[in-house]
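Data first, discussion second: the structure below is written as structure tokens.
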Amino acid sequence: MSVQTFSICGMCTVRCPIQVETENGEIKFIAGNQHVPAMKGAVCPRGAAGKALIMDRERPQSPMIRAGERGEGKWRTVGWDEALDFVAEKIKGVTDRYGARSVGFSDRGGPFQDLHKAFVKGLGSPNFCNHDASCARNVDHACLSFAGIGRKDLVYDLKNAKHVVLQFRNIFEAVNVQEVNNLMDAMDNGCKLTVIDIRANISATKASRFMMIRPGTDYAFNLAVIHELLDKNLYDKKFAHLWIKDLNQLEDFIKPYTPEWAETETGIAAYEIKDFVCELAAAMPSVIWHPGWMMARYRHSFYICRSIYIINALLGAIGAKGGLPLAYKPADVGKTGLKALADLFPKPSEKRADGAGWRYPHIADGAGLAHLMFKAMDSDDPYPVKAYIAYRHDPLMGFPDPDRLKQIFSKLDLLVSVTFSWSDTAWFSDVVLPLSPYLERESILASKNGLKPQFFVRYRAVEPRYDTKADWEIISGLSRRLGLDALAFSSIEEIWNYQLQSTGVSMDDFKATGAVQLASSPKYRAMENLKFKTPSGKLEIISEKLEKQGLPSLLPYTSLDRPPEGQFRLTFGRCALHTQGHTVNNPLLFEQMPENVLWINTNSAKSLGISDGSTVLVSQDGYSETIRAKGTDVIHPDAVFVVHGFGQTLPVESRAMGRCLADNKFMKGGLDLWDPAGGGIAFQEHFVTVTPANKN
Ligand SMILES: Nc1nc2c(c(=O)[nH]1)N[C@H]1C(S)=C(S)[C@@H](COP(=O)(O)OP(=O)(O)OC[C@H]3O[C@@H](n4cnc5c(=O)[nH]c(N)nc54)[C@H](O)[C@@H]3O)O[C@H]1N2
Ligand SMILES: Nc1nc2c(c(=O)[nH]1)N[C@H]1C(S)=C(S)[C@@H](COP(=O)(O)OP(=O)(O)OC[C@H]3O[C@@H](n4cnc5c(=O)[nH]c(N)nc54)[C@H](O)[C@@H]3O)O[C@H]1N2
Ligand code: SF4
Ligand SMILES: [Mo]
């Protein structure tokens, strides 16, 4: 007999609500949760490959302790008791010698991180980070500096939008299933789509307007848009009067940045910028200029994001239906939120090793900046960090300059990787604790704010195939050994009941759909009733916090260096068939897409003697890899582009091994290139040389 289990996809960070059909303990079919209309019953190709992940023998099948040198790949397979005893003893050793603050932890962020935060807090360390310095930190900080709230406190109301602008955002390949469905519905209803990108990606092929921009000049483009909105009086005056503080300072600042000026920087014609702005104004306030997601690209990316929030505000889109309405939290709809596990322990009094909140008061201390925690491991400044748990996190692939990072990790007394697949970081660890993949584990309850806030649950769909464990089992096991009794839960039900106390909700309420809705219909606020958490309560063009740090609120434009003759800016992004670096070895997805290719402009290729489909050598500072060239007219000639996540070298992953090019290896010195205002890594400030592979 077949059984349906509600679960949450874990193949990427989006975590779509799914339902899993099983029969005799085997997975039959994975579909989008039928009770969530925007899923339309679908998952993306990676979501559908969940079964292949479960069946894959080439994933860590039991706990392992390193038997050779770090990275040598010699392992001793052990039982869970031995593995957890080993980790706990090492952590005790480090805390006895250097103090609790010497334990660092990073994870992949997301709705289930409360358990991890609780664990690190319980240990007495302030050093919980997530991966976001390599992803969306600049977006979040830009939103905080402008509106006093995080990026997720604003909803992208795609379904009701009349014009959507994607800049650095490839929504049809870097997929979030509900967003894709909502945008397609809106486009069926006449919503315009503008794409501003350095290449024609799949989103561009569906756009009503595509503008190919010179890499790294988006800030110039956006300043010209602001200029045009103000100069032509095309902005929403009522909204500006109510909510935008210091508009006059913006008006003064923006004067030199005309569309004609921007044309020379960006390569986009002034008339096109002007036409585009008129179109936007016609659709306001139901406009979403997406502030970006993977915005760890340049050292001024924070200001690009900030300029986008300013444009959305000028269009009256912030707070508006079909724009970026404010998300509701449980308390906003008269409900009590989940009880935080992190509340089980007091906040550690020590300062953070990465400097977030004190050395860098404008950087929020929740997610921190992982690269600065790594630097503390290297320098012992402000103090030594000697044990590191990389929990569902692969910094050796996800941060630049893996050789440098390996040197740093070599100084650790303990490196633990908790993961469901092999990764460069797991391979370099002292201990690998294999996490059950998401279909084989349940998670703590999670809460999602939005137009309809909700709680949701991930149930276990099938039992673990190998000797792997769920998050809560691993954290409880370690907590028990480390004297953190409050976290040493013996069942998931105990955790769920703890989280639900005072909410008036019981686990029975999740049974019918996998979620509990806290409001019956989407809630929008009238323009007069918006609420921002800045010191003035308004959207602040001038941020005192930034100014105090000597960082301008309005950054004057400076041109980035162009690649020297014969070199290209290395750019990267996603494709619909893979997630970051951990699905290339998935049998099903590998079959669909076994390699990445190097996008290169046809004319540049021709002048270098490179033909479409030929093999090329990509080099930087004496390091080279080969890859096949994709010669195309639809990439800017300054750039080459690859899909991130390839170029794996681990013998345990026979399919992925040796497949094409790892962009992260062409980022020497990249740990030092980051945005001082937003904290994000500047991944795209690296140049490479490309030559035919058969030359010489
Ligand atoms: N050069 C370069 N660097 C990049 C990027 C790039 O495009 N180019 N992209 C950046 C971006 S946007 C991000 S988000 C980071 C991503 O990099 P990371 O934050 O490291 O995330 P992942 O590679 O998705 O996952 C890390 C590990 O967690 C394990 N894992 C365990 N359980 C789960 C689960 O339930 N879900 C998931 N997803 N993983 C699990 C996976 O097996 C994987 O080995 O890298 C960033 N770094
Ligand atoms: N299929 C799939 N979906 C995913 C993921 C995945 O790995 N696979 N990962 C998830 C995660 S963690 C994230 S962060 C998001 C990322 O979501 P996105 O940020 O939308 O994805 P990317 O493909 O990294 O980058 C978007 C676009 O930026 C363009 N770009 C690069 N440089 C420039 C520039 O200078 N100017 C402009 N205008 N454009 C530029 C690239 O060409 C690319 O088309 O996707 C999420 N969804
Ligand atoms: S977008 Fe695809 S891979 Fe990501 S959570 Fe949704 S179904 Fe899973
Ligand atoms: Mo990301």
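FYI, it's all coordinate maths here, none of it is from the lab. Keep in mind that this is a model prediction, so the values were computed, not measured. No Cβ is skipped: glycine too gets one built from the backbone with ideal geometry, and neighbour counts run over all protein chains shown.
Can you figure out the FRET efficiency of residue 96 with residue 380, using R₀ = 22 Å and their beta-carbon distance, to the nearest 0.05?
Values: r = 17 Å, r/R0 = 0.79.
Using R0 = 22 Å, I get an efficiency of 0.80.
Taking 0.36 nm per residue of separation and subtracting the Cα-Cα distance, full extension of the segment from residue 359 to residue 241 would add 38.9 nm. Within the chain, DSSP assigns beta bridges of which about 50% are antiparallel (rounded to the nearest 5). When only alpha carbons are used to place a centre, the stretch 671-687 and the stretch 478-510 end up 39 Å from one another.
Using the Cβ-Cβ distance between residue 466 and residue 333 with R0 set to 45 Å, the FRET efficiency works out to roughly 0.60. Cα centroids of the stretch 293-369 and the stretch 77-143: 20 Å apart.
Here the stretch 193-264 and the stretch 624-648 have alpha carbon centers that stand 28 Å from each other.
Using θ = phi - 60° in the Karplus curve 6.51 cos²θ - 1.76 cosθ + 1.60, the 3J(HN,Hα) couplings for the stretch 531-538 round to 8, 10, 9, 6, x, 8, x, 10 Hz; x is entered for Gly and Pro.
Mind running the shape call on the stretch 220-305? Use the C-alpha gyration tensor, a ≥ b ≥ c as the square roots of the eigenvalues: rounded below 1.5 for a/c, prolate if a/b tops b/c, oblate otherwise. Mind showing how you got there, number by number?
Working: a/c = 1.35, a/b = 1.16, b/c = 1.16.
Judged from the Cα gyration tensor, the stretch 220-305 comes out rounded (a/c under 1.5).
Coordinate range of the alpha-carbon atoms in the stretch 259-416 per principal axis, descending: 59, 50, 27 Å. When Rg and Dmax are taken over the Cα atoms of the chain, they come to 24.7, 73 Å.
Can you compute the FRET efficiency between residue 343 and residue 507 using 1/(1 + (r/R0)^6), with r the Cβ-Cβ distance and R0 = 22 Å? Round to the nearest 0.05. Mind showing how you got there, number by number?
On the way: r = 20 Å, r/R0 = 0.92.
Approximately 0.60, to the nearest 0.05.
With only Lys, Arg, Asp and Glu charged, each at its Cβ (+1 for the first two, -1 for the last two), find how big the charge dipole of the stretch 106-153 is about the Cα centre; round to the nearest 20 debye.
Values: 6 positive and 5 negative charges, 7 e Å.
Computed about the Cα centre, the dipole is about 40 debye.
One chain, two ends: residue 232 and residue 85. Fully extended at 0.36 nm per residue, the span grows by 46.1 nm beyond their Cα-Cα distance. With 31 Å as the limit, the listed pairs 40/538; 274/548; 159/274 have 40/538; 274/548 beyond it between alpha carbons. Apply the a/c threshold of 1.5 to the C-alpha gyration tensor of the stretch 567-695 and tell me whether it is rounded, prolate or oblate. Oblate shape, in that a/c is at least 1.5 and b/c is the bigger or equal ratio. Within the same chain, aspartates and glutamates fewer than 8 places from residue 545 are excluded, and of the rest, those with a Cα less than 18 Å from its Cα are 140, 246, 365, 675.
Find how much the distance from residue 67 to residue 576 grows on full extension, using 0.36 nm per residue of separation minus their present alpha carbon separation; answer in nm with one decimal.
On the way: separation 509, 0.36 × 509 = 183.24 nm, distance 3.79 nm.
Full extension from residue 67 to residue 576 adds 179.5 nm.
Projecting label points 7 angstrom from Cα along Cα→Cβ for residue 561 and residue 549 puts them 2.5 nm apart.
For the stretch 176-281, what percent of Cα pairs sit more than 16 Å apart? Display every interim value, and only then the final one.
On the way: 3576 of 5565 pairs.
Of the Cα pairs, 64 percent sit more than 16 Å apart.
When both bridge partners sit in the stretch 567-695, DSSP labels roughly 60% of those beta bridges antiparallel. Label separation (residue 485 vs residue 3): 3.5 nm, computed from points 7 Å beyond Cα along the C-beta direction.
Spacing of the modelled spin labels on residue 74 and residue 189, each 7 Å from Cα toward Cβ, amounts to 6.4 nm. Restricting the stretch 350-440 to chymotrypsin sites (Phe, Trp or Tyr not before Pro) that sit in a DSSP loop and have at most 16 other Cβ atoms within 10 Å of their own Cβ leaves 358. With θ taken as phi - 60° and the Karplus curve 6.51 cos²θ - 1.76 cosθ + 1.60 applied, the whole-hertz 3J(HN,Hα) list for the stretch 400-409 is x, 6, x, 5, 5, 5, 5, 4, 5, 5 Hz, x standing for glycine and proline.
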